[in-house]
Amino acid sequence: MPDAPGTAFHYQIEETKDEADYITTTIKCQGKLISENADEIRKLVQPLLQRGGRTVLDFADLEYLDSSGLGALVGLKVSAINRGLCVLELVNLTPRIRKLLSITNLLQLFSS
């Protein structure tokens, strides 16, 4: 089913390895992470967390995040913490998304 107008969520994945063969997967998110597509980010990131390593969600081009998208992110962060040996980070937060994380008292969860 095609995305409804204004609800599109797109991403690009980039993987790098450091000198110790530690994998960093960067997912550059674009569009809106909302209820209609929050499951997509879960299905994308969960296997990466199972594999271990570092997963970075780059939100420089994320226009909007609703409560369902936020819930998906919190669930993924909790999975990463419980799993151990993997890291989930958010980078390049827009002022709007930073404010949302701040007023929901989640900024510190994603800063660690």
Nearby aspartates and glutamates by direct alpha-carbon distance to LYS77 (threshold 12 angstrom, same-chain neighbours under 8 apart not counted):
GLU89
What ³J(HN,Hα) values, in whole Hz, does the Karplus curve 6.51 cos²θ - 1.76 cosθ + 1.60 give for region 13-19 when θ = phi - 60°, with x put for Gly and Pro?
10, 9, 10, 9, 10, 8, 4
Given 0.36 nm per residue, what is the gain on full extension from LEU107 to GLN46 after removing their alpha carbon distance, in nm?
19.9 nm
If I stretch the segment between GLU89 and ASP39 completely, what's the gain in nm (0.36 nm per residue apart, minus their alpha carbon distance), one decimal?
16.2 nm
Taking the Cα centre of region 22-111 as the origin, how large is its charge dipole in debye, to the nearest 20, when only Lys and Arg (+1) and Asp and Glu (-1) carry charge on their Cβ atoms?
260
For Cα pairs less than 8 Å apart in space and 6+ apart in sequence, what is the mean separation divided by the residue count of region 22-111, i.e. the relative contact order in percent?
33
For ASP21 and SER68, calculate 0.36 nm times their separation in residues minus their Cα-Cα distance, and state this gained length in nm to one decimal.
13.5 nm
Which aspartates and glutamates, if any, have their Cα less than 15 Å from the Cα of LYS99, not counting same-chain residues under 8 positions apart?
GLU63, ASP66
For the chain, what number results from the quotient of the Cα radius of gyration and 2.2 N^0.38 Å?
1.03
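Throughout, read-outs are computed from the coordinates displayed, never taken from laboratory work. This structure is a prediction, so every number in the text was calculated from the model and none was measured. Neighbour counts are summed over all protein chains in view; Cβ atoms, including those assigned to glycine, are modelled from backbone coordinates with ideal geometry.
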